[in-house]
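The values are calculated or read from the model by the stated rules, or taken from the named source; none is laboratory data. Nothing here was measured: the structure is a model prediction, and the numbers come from that model. Glycine also receives a Cβ, built like all others from the backbone with ideal geometry; neighbour counts cover every protein chain displayed. For the accessible areas, the whole protein counts, side chains as well, though only heavy atoms, and no ligand, DNA or RNA atoms are used. Shrake-Rupley method; radii C 1.70, N 1.55, O 1.52, S 1.80 Å.
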Amino acid sequence: MHGRPRKALKPEEEAALTEKAKQLLVLQSQVLSNHQLKNYTKEAVDLSAKLLGINPESYTAWNYRKLAVQHNLNQIESDPDSIKKIWDEELRVVESALRQNFKSYGAWHHRKWVLSMGNSSLDNELHLLNKLHKLDSRNFHAWNYRRFVTASMNRSDLDELKYTEDMVTDFSNYSAWHNRSVLLSNLLEKKVEGFLSKEQVLPNEYELIHQAIFTDQDDQSGYIYHLWLLDQTVRDTSPLLVSSWPPHGSLVFPFGDQSLKSSVASPLTSIHHDLSALPVILCFNQAVKGVNSNTVVVKSTLCTNEDLIWKPLVANSSRTGKVWFTHLKFPDLRRQSVEKCLVEVHIGENEGIISSSGICCASSQFTFRVAVQPVEVEETDRQCGEIISWNDEHFDMDEANLDNLNFGFDQLSIENDSELNSCTWQAVAVAGEIECFRELLAVIDCKYAKLTLARLLKAHDRLIFPSGNKASHSDEILDLYRELMKLDPSHSQLYKDEHSLVFLQKMITNRESFRRCCFQYKGLNSSIEGFPTCVRFNNLSLSRIGSFEKLLWVQMLDLSHNELRSIEGLEALQLLCCLNLSYNKIRSLTALEPLRQLKSLKVLDISNNEIGSHPIDTTRHLCSSPLSHSVGTEWKSDGNVDISNFWESYFIFKGMNLIQLDVSGNAIAYENFKLFLIKVMPELKLLDGEKLH
């Protein structure tokens, strides 16, 4: 444990342990019997004390002692000396247990219980803790107990802050640094004199932590506290609406009618949608809650604002998210037309949209027009079509055709009057830290310093460009993560994930590099006609994907031949119709949960992944389990499908409207599984390249 090698026991040591185990089993049996018989005699209670002196983690013994104390208190009259004797005995038993194990959860919880009864001296407890910290100043149990004691005695947070300042002279004392962060948070929240704002407090804390980091560059404690300071610096910025679909100032062509294509049509605004509604998507630069018809006002002749229901695009049941969406319902579009209807969306004019830290969203607005025309398409043509192939020869790589595409790149973001600039105190503080760590790395080669610098550079870019339009430090950040992969191979996956996110952001925010990822698909069948542009991020060695705020318009996406294990965030692309995830490292079906929210998805390729190859689903923590409370009653069998062996598959694919699916090359792609998919998705027409009858 903690990198310490195990040593083989000597024969006499093994014999002693065996004898101790026998005694422990006898004691445990006796205490359990007394507990069941409600035997609270002195001899019985003394046995529990003996057991806890050997094994402080016996929770049953601690619970037994609580019951015994309550029983014995009921047996005596109101004699202060007798009552004090009972409580003092409990404190003595706890001390004996803590000598055996300073980090016993049961012992510390029992001591809190004793103290909460109000019959023990709080000053004595504080004196005892001071002694304990001299023996082990990093014991987080003791620090947690100290917070309980000082709160019980109403000790000043300022006095405790001074105490932690003395304790962090041992720079590696992470528990003291953590306690300092708790105290500072309390003082700032209460706005105590001298702690009225973070701008007043945090610069001094940065100076304090520099002493620790620059003294011992390889100690992790100081860097963890620095990460907390960085979070405090950037978290109180106001949430901003950074992008939307439809884009601001756009003219949207639903159904992709070929007769409507003109110089104003673009991949951002020409869509093909099978529903009589237009999705409206809001993307914020941080997770927010409170998005509803009161805080987002939509003005249009297509609908009334009260009819709109806003939902966050998250995998669980949370009402907080960075991306929110609703649908503008149209009239019967096949029989009448509405020419260039104006839609105005006003965000944050009425307070209510707030971040996790309680900061209100900055107000903003965007407008777009919808050119709706009747479209006549035979239903039979929609139900059948040619196989969508992801081979290179099916994508037009002609630069002349790409130049003719009107990307409307500048429409991707929403300008906010309240955007931060380089003169804000947060930006100044982070810029100062960047220079400090650059100076440090000029002298030493330290993985913690490199990681901290990378985080500072990302934070600075977010502060200066909250809409994500630029990433001025991306090259330096990418170099740092590449160096970290070599310097610290045990955490290379973490660095690779961060490298992928920054690399993708750099590619998307650069107009020319992004254009090189956009292709025209040749030979589209009628079922997906109207959106020929495919964004191809294939063969980029990506292990994570992000920057979805720039991709809300994408309807055809190729992520094949990467190293993706998770597709978290992909649910934001509500217009997505065709998706290629082949040749990645997806290990389970539950990792595909974001796809359940993509109601427009028709074509999906998940071939040649690792689905079914791993007996333990190591990606399950990334998304909700079908058996969890977050899913609730939506997981129901329709009576015609046996889901006992394919419950994960049923959960993912039930309700999806796929017409083409490829699962070949996965361990799970055996015959019974394919038959199950056909039953679950009756609209499926193509499976692993073969037409279904």
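Below is a table of values for the structure above.
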quantity	calculated
The stretch 169-202, subset hydrophobic (A, V, I, L, M, F, W, C) and part of a loop (DSSP other than H, G, I, E, B), residue farthest from the chain's Cα centre (by Cα)	Val192
Residue check, Arg620 at pLDDT 90 or above and open to solvent by 40 Å² or more (accessible area, probe 1.4 Å)	no
Number of the exception - Ala68 against (1) part of a helix (DSSP H, G or I); (2) under 19 Å from Ser104 (Cα atoms); (3) modelled with pLDDT of 90 or more; (4) not basic (Lys, Arg)	(2)
Hits in the stretch 498-513 - residues which are modelled with pLDDT of 90 or more and open to solvent by less than 30 Å² (accessible area, probe 1.4 Å)	Ser500, Val502, Leu504, Met507, Ile508
Residue under evaluation Met485, criteria (1) open to solvent by 10 Å² or more (accessible area, probe 1.4 Å); (2) part of a loop (DSSP other than H, G, I, E, B); (3) among the hydrophobic types (A, V, I, L, M, F, W, C), criterion not met	(2)
Residue that is closer than 18 Å to Ile464 by Cα, open to solvent by less than 30 Å² (accessible area, probe 1.4 Å) and at pLDDT 60 or above, where the choices are Ile347, Ile414, Ile353	Ile414
Filter result (among the acidic types (Asp, Glu) and open to solvent by less than 30 Å² (accessible area, probe 1.4 Å)) within the stretch 449-479	Asp461
Any chance Asn186 is buried (at least 17 other Cβ atoms within 10 Å of the Cβ), polar (S, T, N, Q) and in contact with a helix residue (DSSP H, G or I) (Cβ under 7 Å, 6 or more places away or on another chain)	no
Candidate set: the stretch 13-53, residues that are under 20 Å from Arg111 (Cα atoms) and either modelled with pLDDT under 90 or of a type in the set (Gly, Ala, Ser) (or both); chosen: the one nearest to the chain's Cα centre (by Cα)	Gly53
Residue that is nearest to Lys470 (Cα to Cα) [pool: residues in the stretch 207-250 that are among the β-branched types (Val, Ile, Thr) and either open to solvent by 10 Å² or more (accessible area, probe 1.4 Å) or outside any helix (DSSP H, G or I) (or both)]	Val242
Residue within the stretch 102-115 that is open to solvent by 50 Å² or more (accessible area, probe 1.4 Å) and either at pLDDT below 90 or touching a Cys at 6+ places or on another chain (Cβ under 7 Å) (or both) present	yes
Given (1) surrounded by 13 or more Cβ atoms within 10 Å (Cβ to Cβ); (2) assigned to a helix (DSSP H, G or I); (3) not hydrophobic (A, V, I, L, M, F, W, C), index of the condition Asn124 fails	(1)
Number of the condition not met by Phe148 [criteria: (1) open to solvent by less than 40 Å² (accessible area, probe 1.4 Å); (2) assigned to a helix (DSSP H, G or I); (3) in contact with a Leu (Cβ under 8 Å, 6 or more places away or on another chain)]	(1)
Scope the stretch 669-684; condition open to solvent by less than 30 Å² (accessible area, probe 1.4 Å) and either in a loop (DSSP other than H, G, I, E, B) or β-branched (Val, Ile, Thr) (or both); matching residues	Ala669, Val680, Met681, Leu684
